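The values are calculated or read from the model by the stated rules, or taken from the named source; none is laboratory data. Only a predicted model underlies this, so the values are computations on that prediction, with no experimental measurement involved. Counting neighbours? That spans all protein chains shown, and the Cβs are built from the backbone with ideal geometry, glycine included.
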Amino acid sequence: MSRDITNVLFVGIGGQGIIRASDMLTEAAFRLGFDVKKSELHGMSQRGGSVSSDVRFGKKVLSPMVPVGMTDYLVAVSEDQIEVARPYLNDATVIVRPSDLSADDAKSRMANIAMLGVLNRYLKFPADLWETLIRENFAGPVGEANVLAFRRGANLA
Amino acid sequence: MRLLLTGNEAIARGAWEGGVTAAFGYPGTPSTEILENLVKYDGVYCEWSPNEKVALEAAAGASIAGARCIVTMKLVGLNVAADPLMTLSYVGVRGGLVVVVADDPGQHSSQTEQDTRHYARLAKVPILDPADAVDARAFMLEAFELSEKYGCPVILRTTTCVGHSRALVECGEPRPKNVTEFKKEPSRFVPLPLWGRKLRVKVEERMDAQSADASSHASLNHVIPGAAADLGIITCGITALYCRELMPEAPVLKLGWPWPFPDSMIREFAASVKRVVVIEEGDPILEEHVRSLGIACSGKSDVVPRCGELTPDRIFEIRERLRGTNNELPKPFPQADGLPMRPPVFCPGCPHRALFYALTKFDVIVTGDIGCYSLAVFPPLERTDVLICMGGGFTLAHGLDKAGEKKKVVGVLGDSTFFHSGITGLLDVVYNKGTSTLIVVDNSSTAMTGHQDHPGTGRTISGEPAPAASIEAIARACGMKRVTVCDPFDQEKLHKVLAEEIAADEPSLIISKAPCPLQIRRRLGTVRAIDAAKCRNCKACLKCGCPAIVVTADGKPAIDPQLCSGCRLCESVCKFGAIAPVAVPGQEG
């Protein structure tokens with residue numbers, strides 16, 4: 001398997017914005033010229049169940065799903081879903097978790113976006129690309145609040 | 001133009017590029033987003049039909065007029081639409097007609113794991129099996145062409161992972177729509193036995209031609225070369241991508257058009273490798289056929305699991321087994337050992353919780369149906385006892401009743417389900433003098449699949465106003481005498497109505513009416529809080545199963561003001577008056 005591919009796994013609970021955050025990373029990778037694939041698993045209802053989403057980007061991506069043990073970054077918007085994802089991690093997997101955020105950010109509805117900020121400390125995509133994407137996803141004051149949450153996560157605030 | 005599309009978005013795009021005139025469907029995970037995306041393109045007629053049978057019949061009419069059209073549904077939807085599909089195969093089509101069916105290997109959100117390829121064989125129509133969003137768009141265009149070339153419907157089968165995964169898709173511009181003009185041709189369009197027998201023969205001839213065509217149709221069926229010829233993989237759908245990633249050295253025969261079987265291509269591929277393995281999701285359809293050609297192969301008979309989704313993990317395990325390094329058959333449903341499951345639950349403010357909570361107070365049998373309210377089977381409510389299929393909530397109850405079951409039977413279904421296939425069940429109960437208590441949990445939405453409209457909502461898929469069918473009026477027109485509409489959050493009244501209707505010796509209908517809080521996107525009332533001084537810690541409120549009620553470190557229940565919808569169910573449940581509205585800054589209802 002090629003290490004030219006970066007594997008990011010998002011996990012959390014329905015309603016936490018797992019799909020939104022993974023869609024935004026997918027779009028960011030696309031705009032940076034990577035080949036990118038994404039898959040998502042959401043259960044039969046919208047709220048409360050386990051949700052996960054895989055994002056893979058690089059030169060050429062075949063499968064949209066991250067194979068066992070191949071996750072480079074785990075973004076766990078809910079702490080209790082880390083164990084569920086364990087088979088997909090390895091010793092070098094970077095885990096982005098709610099405790100990486102301030103207590104306020106961790107329990108806010110913008111935790112998903114703040115965690116994209118934390119993730120970007122490692123991915124180092126251009127911050128203005130993220131901020132454009134956030135404003136495209138959330139209109140008006142909500143968008144600005146999310147930009148600030150992203151900056152706090154990315155240590156740019 | 002390259003776009004980042006999900007499989008479902010790519011199917012919509014492909015349909016639009018293919019000059020689709022009309023699209024029909026019924027929501028069902030994982031197919032729902034196809035029509036939701038197609039309706040965004042200008043000039044395409046889209047509709048949510050009451051059910052899949054209606055959708056396919058309407059599409060058949062559109063196609064016979066000459067228009068290109070698609071029908072979308074989930075796997076079990078094709079069970080409902082099977083009747084028109086079988087005959088349409090004989091009668092044939094004029095404008096390209098593509099039946100898009102989304103299978104759900106692994107049963108992420110489905111009651112069965114049925115393999116739609118069986119239906120293609122039964123109906124004797126071609127089926128295409130895309131691997132990702134790139135294929136999904138391209139195969140939709142191919143499906144229209146094949147449908148018009150052979151004059152028969154074509155099934156485009158996707159799976160959960162294809163429909164819900166994204167890829168970069170090279171897109172084109174739309175071709176002109178077909179001109180629609182009906183041409184009278186009864187010997188073709190009216191399959192009375194006299195003509196039907198002739199059509200039957202033509203169907204067989206058509207399949208022979210398609211089998212030969214599939215063997216040389218390189219854009220759909222082709223070999224992906226590999227460095228080593230000792231193992232060749234025959235596969236279809238997304239499995240092809242997993243196999244290429246995990247076994248890059250093995251040549252792959254990727255069948256995007258797996259049925260009618262491309263026999264000469266299969267023979268040629270098998271002759272080019274030392275050993276053949278068939279790796280397919282669903283049933284061993286290709287595998288058994290390969291064997292019937294006299295070709296020895298591995299597959300579900302030895303190395304591939306019989307049920308469940310073939311994820312990359314499963315392909316990894318299959319690889320190990322093929323190499324002889326692992327002697328255990330892969331487990332079909334992977335779960336981390338010892339971890340509690342996290343199933344979905346009713347949302348805070350969900351009216352279904354209130355209805356089923358009230359039903360916990362009655363010693364009755366509850367037959368349920370397909371919708372968010374299926375979740376009532378889980379603890380702490382556990383108030384659904386039997387569930388089979390769409391529309392089955394009423395009819396199951398009727399059968400239990402007529403079998404002489406001593407307990408009263410309550411049949412529950414949702415509003416969209418009522419219009420889908422519940423009306424005939426209600427008719428059955430009334431006409432044949434049943435005594436079941438029927439309940440429609442009416443949240444004015446097809447909520448589980450994401451709030452699609454239906455004949456009762458007063459809106460079409462395009463958001464245009466439409467006549468809103470009245471469940472109450474339909475029930476009365478069917479002859480139902482006892483019809484009550486009730487707000488489920490008024491527990492006192494609901495309890496009284498339930499007690500009266502369950503005691504009645506004739507059938508009755510209760511319409512439990514309140515909106516889905518996720519759809520109206522606001523709190524139902526003021527946030528509630530538990531007064532610790534009054535709380536006796538009896539935990540009765542926890543029996544509501546509301547995610548907003550948590551147990552704190554001191555073992556007592558508390559309400560999370562961020563999650564609370566202010567529905568007041570817990571307040572009506574508390575015997576000690578410990579739960580009351582509380583002012584939270586910025587969070588008033």
Worksheet item: Where in segment B:436-545 are there helices (runs of 4 or more DSSP H), lying fully within it, with 1 or more residues that are more than 25 Å from B:PRO50 (Cβ to Cβ), in the same structural domain as B:LEU396 (by TED's automatic domain parsing) and free of Cβ contacts under 8 Å to residues at least 24 places away in the same chain?
Response: B:491-503
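Within segment B:68-111, how many residues turn out to be aliphatic (A, V, I, L, M) and either surrounded by fewer than 24 Cβ atoms within 10 Å (Cβ to Cβ) or within 24 Å of B:VAL201 (Cα to Cα) (or both)?
12
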Response to the item:
Taking segment B:24-69 and keeping residues touching a residue at least 60 places away in the same chain (Cβ under 8 Å), over 21 Å from B:GLY422 (Cβ atoms) and in a strand (DSSP E or B) leaves B:CYS46
Worksheet item: Could you count how many residues in segment B:252-272 are surrounded by fewer than 20 Cβ atoms within 10 Å (Cβ to Cβ) and in contact with a Pro (Cβ under 9 Å, 6 or more places away or on another chain)?
Response: 1
Practice prompt. Please enumerate the residues belonging to segment A:88-146 that are over 19 Å from A:THR6 (Cα atoms), touching a strand residue (DSSP E or B) at 6+ places or on another chain (Cβ under 8 Å) and of a type in the set (S, T, N, Q).
Written response: A:ASN112
Item to complete: Could you please find all residues in segment B:506-525 being modelled with pLDDT of 95 or more and either over 30 Å from B:VAL409 (Cα atoms) or in contact with a Lys or Arg (Cβ under 8 Å, 6 or more places away or on another chain) (or both)?
Response: B:GLU506, B:PRO507, B:SER508, B:LEU509
Worksheet item: Residues of segment A:53-81 being more than 8 Å from every other protein chain (Cβ to nearest Cβ) and in contact with a Pro (Cβ under 8 Å, 6 or more places away or on another chain), which ones?
Response: A:ASP54, A:ARG56, A:GLY69, A:ALA76, A:VAL77, A:SER78, A:GLU79
Discussion item. Going by what's in this entry, would B:GLU204 be described as within 14 Å of another protein chain (Cβ to nearest Cβ) and not in a strand (DSSP E or B)?
Written reply: no
Discussion item. Just to be sure I understand the filter: pairs with C-beta atoms under 8 Å, separated by 6 or more residues or on different chains, first member in segment B:234-252 and within 12 Å of another protein chain (Cβ to nearest Cβ), second member among the aromatic types (Phe, Trp, Tyr). Which pairs pass?
Written reply: B:LEU246/B:PHE316
Discussion item. Going through B:GLU464, B:GLU472 one at a time, which residue ends up being modelled with pLDDT of 95 or more and over 17 Å from B:VAL441 (Cα atoms)?
Written reply: B:GLU464
Worksheet item: Of all residues in segment B:300-323 being of a type in the set (Asp, Glu) and assigned to a helix (DSSP H, G or I), which is nearest to A:MET65 (Cα to Cα)?
Response: B:ASP313
Item to complete: Determine which single condition A:PHE30 fails, assuming it passes every other condition in (1) modelled with pLDDT of 90 or more; (2) closer than 28 Å to B:SER109 by Cβ; (3) not in a helix (DSSP H, G or I).
Response: (3)
Fill in: Yes/no for A:VAL84 being of a type in the set (A, V, I, L, M, F, W, C), surrounded by fewer than 21 Cβ atoms within 10 Å (Cβ to Cβ) and either farther than 29 Å from B:MET448 by Cβ or away from chain B (no Cβ under 11 Å) (or both)
no
Discussion item. I need the helices (runs of 4 or more DSSP H) fully contained in segment B:86-188, keeping only those with at least 2 residues that are away from chain A (no Cβ under 14 Å) and hydrophobic (A, V, I, L, M, F, W, C).
Written reply: B:117-123, B:133-150
